[in-house]
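Quick notes on the structure that follows.
The values are calculated or read from the model by the stated rules, or taken from the named source; none is laboratory data. Source: prediction; values computed, not measured. Virtual Cβ from ideal backbone geometry, glycine too; neighbours counted across all protein chains shown. Only protein heavy atoms, including side chains, enter the accessible area calculation; ligands, DNA and RNA are left aside. Shrake-Rupley method; radii C 1.70, N 1.55, O 1.52, S 1.80 Å.
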Amino acid sequence: MSTIEMGLDTFGDVTVDADGRLLPQARVLRDVLAEAELADRLGVDFFGVGEHHRPDFAISAPEVVLAAIASRTQRIRLGTAVTVLSTDDPVRVYERFATLDAVSGGRAEVILGRGSFTESYPLFGYSLDDYERLFEEKLAIFAAIRDADRTGQPVRWKGTVRPPLEAVVVYPRVERPPLSTWVGVGGSPESVVRAARYGFPLTLAIIGGDPRRFLPYVELYHRSLVQLAQPTTLPVGVHSPGHLADTDAQAREELWPHYQVMRNRIGAERGWPPTSRTEFEREIAAGSLYVGSPETVARKIAATVRALGASRFDFKYSAGTLPHETMLRSIELYGREVIPRVRRLLADAPAVPVEAGA
């Protein structure tokens, strides 16, 4: 496990300036480019941007942002966290990522999911009554296009969410197929099985609670790969939030007021009670909030990777209104100190693979 892949994710959270005023989304988008450039210079493996359509997140067109990043970076792989496939056209999604793959020299990845918010459904004219059917059929379309691109055969598909595809060829073709494609899962066993059915790697969005509670999903994924005659070596990744500073206390004090704003805003939408400092500290101690010094965070990441048999960890470094300059320091610590520490820890105590039949 010393070759664990280590990535960074952001939703382009709208941040504040030195006087505590919210920045324009245009400024936030330019800051994301600078954050990605720093990640590339530091040798981070992957940079992911989330898709949202709401005022507190600036990234609604992730492929455009990723293309801009591609023009300013050299080696880092670029993808989404996630692309909300249910409310998009899978043909157009494939075209956009095939284009990104071309202009980035083969560095494109797409993580397909249903997202954690529902604003895109009314925005693009979809009904939440079709939540399951939209993702099921559109994932099937995307998988068919990806397979056709790999084999050189035209796409044929028929379902209910759009007219049939009759011997269609989708352009541009990926230069070195298949296009790197993952399925993001936040807690749905059905989505785990879907990922296995199409032979897609699995990304677990673990944003609360003990990460070990996701072990049954990993076990289900491996069992499903065997039952569906898919390769059993497909990777499992983890996406979780956090923040780094020089000391544990500094990291907690820097993050808390911005985390509180974000958590309470989302909680009010979903009917949750306001968060507390006690809840925040508990999530850091035993949950899925990776906050602290490089040594503390590296040990927690290594423990999660080892427990779940994961081969990639993506650290969501943006959190509510956390300022850009503070995030740059967190990224620097992640690249310079956390990544090598995690790799050393895993090399010293390799993970035990999850058995396919467990």
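Residue separation of residue 247 and residue 227 scaled by 0.36 nm, minus their Cα-Cα distance, works out to 2.5 nm of gained length.
Remark: spin-label model distance residue 171-residue 102 equals 0.8 nm, labels positioned 7 Å along the Cα→Cβ axis. Against the main long axis of the alpha-carbon atoms of the chain, helix 294-308 sits at an angle near 40°. Diffusion of region 56-127 by Stokes-Einstein, at 10 °C in a medium of 1.306 mPa s and with Rh set to the Kirkwood radius over alpha-carbon pairs, works out to 123 µm²/s.
Over the chain, dividing the summed -39,500 (n - 2.57) contributions of all DSSP H runs of at least 4 residues by the number of residues returns a 222 nm mean residue ellipticity of -14000 deg cm²/dmol.
Once neighbouring chains are kept in place and the probe is 1.4 Å, which whole percent of the accessible area of region 1-60 is contributed by carbon and sulfur? Carbon-and-sulfur percentage of accessible area, whole number: 51. Solvent-accessible surface of the chain, taken per residue with a 1.4 Å probe and all protein chains present: 42 Å². Between the helical axis of 215-227 and the longest alpha-carbon principal axis of the chain there is an angle of about 20 degrees. Given DSSP loops and a limit of at most 11 other Cβ atoms within 10 Å, what is the longest stretch of the chain that contains no such GluC sites (Glu not before Pro)? Here the longest run is 176-354.
Taking only protein heavy atoms and a 1.4 Å probe, the accessible area of region 76-223 is 52% carbon and sulfur. Dipole check for region 250-326: with +1 at the C-beta of Lys and Arg, -1 at the C-beta of Asp and Glu, and the Cα centre as origin, the magnitude is about 280 Debye.
Rounded to the nearest 20 Debye, what is the dipole magnitude of the chain about its Cα centre when Lys and Arg each give +1 and Asp and Glu each give -1 at the C-beta?
In debye, rounded to 20, the chain gives about 640.
Fraction of C-alpha pairs exceeding 28 angstrom in region 192-324: 26 percent, rounded to a whole number. The distance linking region 226-249 with region 173-191 is 14 Å (Cα centroid to Cα centroid, whole angstrom). Compared with the dominant principal axis of the Cα atoms in the chain, helix 339-348 is inclined by about 80°. Values of log10 I(q)/I(0) for region 29-184 across q = 0.15, 0.16, 0.18 Å⁻¹ run -0.80, -0.89, -1.09, by the Debye formula with one identical scatterer at each alpha carbon and no solvent. Among the aspartates and glutamates, which have Cα under 16 Å from the Cα of residue 158 when same-chain residues fewer than 8 positions away are ignored? Residue 158 reaches 89, 136, 137, 147, 166.
May I ask you to compute the full-extension gain from residue 348 to residue 158, defined as 0.36 nm times their residue separation minus their alpha-carbon distance, rounded to one decimal in nm?
Using 0.36 nm per residue and subtracting the Cα-Cα distance, I get 63.3 nm.
Each 5 Å bin, from zero up to the one with the longest distance, holds this percent of the alpha carbon pairs of region 1-90: 3, 14, 25, 21, 17, 12, 6, 2, 0. Normalising the Debye intensity of region 110-269 to I(0), with uniform scatterers on Cα atoms only, and taking log10 at q = 0.09, 0.12, 0.15 Å⁻¹ returns -0.41, -0.70, -0.98. The value obtained for region 255-358, namely the Cα convex hull volume divided by the number of residues, is 125 Å³ per residue.
For region 18-132, the dipole from Cβ point charges (+1 on Lys and Arg, -1 on Asp and Glu) about the Cα centre works out to 500 debye, to the nearest 20. Ordering 143, 10, 126 by the projection of their Cα atoms onto the charge dipole of region 4-159, which places +1 on the Cβ of Lys and Arg and -1 on the Cβ of Asp and Glu, puts 143 at the extreme positive end. Taking 0.36 nm per residue of separation and subtracting the Cα-Cα distance, full extension of the segment from residue 277 to residue 42 would add 81.3 nm. Counted over region 1-88, the DSSP beta bridges are approximately 20% antiparallel. Here the chain carries DSSP beta bridges of which approximately 10% are antiparallel, counting only pairs with both residues inside.
Separation of region 1-35 from region 44-60 is 8 Å, based on Cα centroids.
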